[in-house]
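**Q** Just dropping this structure here.
Each value in this text was obtained by applying a stated rule to the coordinates, not by laboratory testing. Treat the numbers as computed from the prediction; the structure is a model and nothing was measured. Cβ placement follows ideal geometry from the backbone for every residue including glycine, while neighbour counts extend to all protein chains displayed.
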Amino acid sequence: MPTVLRIGSYRFFFFSNEWGEPPHIHIQEGKKLAKFWLNPIVIASSSNFRAHELNELEKLVTLNKELFEKEWNEYFNR
């Protein structure tokens, strides 16, 4: 599970066995989890995050989209 970025208590990562899926990023804070597709940026799933937290996460994903796509493409050799 390569960690791509940490912002405060949020960890942004992807699983190493997800090469068959479109680029996306997982976000964890304690027992809370979310997954965002990167193109376009859309929430794919979430567990235990509140709506206002998901809005904040979407902003963070948008701000760091280029980094997430770069790391995804480098890791999966796309």
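**Q** Could you count how many residues in segment 15-57 are exposed (fewer than 11 other Cβ atoms within 10 Å of the Cβ), under 17 Å from PHE68 (Cα atoms) and of a type in the set (Gly, Ala, Ser)?
**A** Residues in segment 15-57 being exposed (fewer than 11 other Cβ atoms within 10 Å of the Cβ), under 17 Å from PHE68 (Cα atoms) and of a type in the set (Gly, Ala, Ser): 2 in total.
**Q** Of all residues in segment 2-14, which are over 15 Å from LYS70 (Cα atoms) and either surrounded by 12 or more Cβ atoms within 10 Å (Cβ to Cβ) or without any contact (Cβ under 8 Å) to a residue 12 or more places away in the chain (or both)? Before you say what the answer is, go through the steps one by one.
**A** In the first step, residues of segment 2-14 are kept if they are over 15 Å from LYS70 (Cα atoms); the result is 6-11.
Within segment 2-14, ARG6, ILE7, GLY8, TYR10, ARG11 meet the criteria.
**Q** Further question on the same structure: What pairs come up if the first residue lies in segment 47-70 and is farther than 12 Å from HIS24 by Cα, the second is assigned to a helix (DSSP H, G or I) and not β-branched (Val, Ile, Thr), and their beta carbons are under 9 Å apart, counting only those six or more places apart or on different chains?
**A** Sorted first by the residue in segment 47-70, then by its partner, the pairs are PHE49/LEU57.
**Q** Another question about this same structure. Across segment 17-34, what is the number of residues that are within 13 Å of TRP72 (Cβ to Cβ) and aliphatic (A, V, I, L, M)? Spell out how you get there, then give the answer.
**A** So in segment 17-34, the residues within 13 Å of TRP72 (Cβ to Cβ) come out as 18-26.
Subset that is aliphatic (A, V, I, L, M): 25.
Selection size over segment 17-34: 1.
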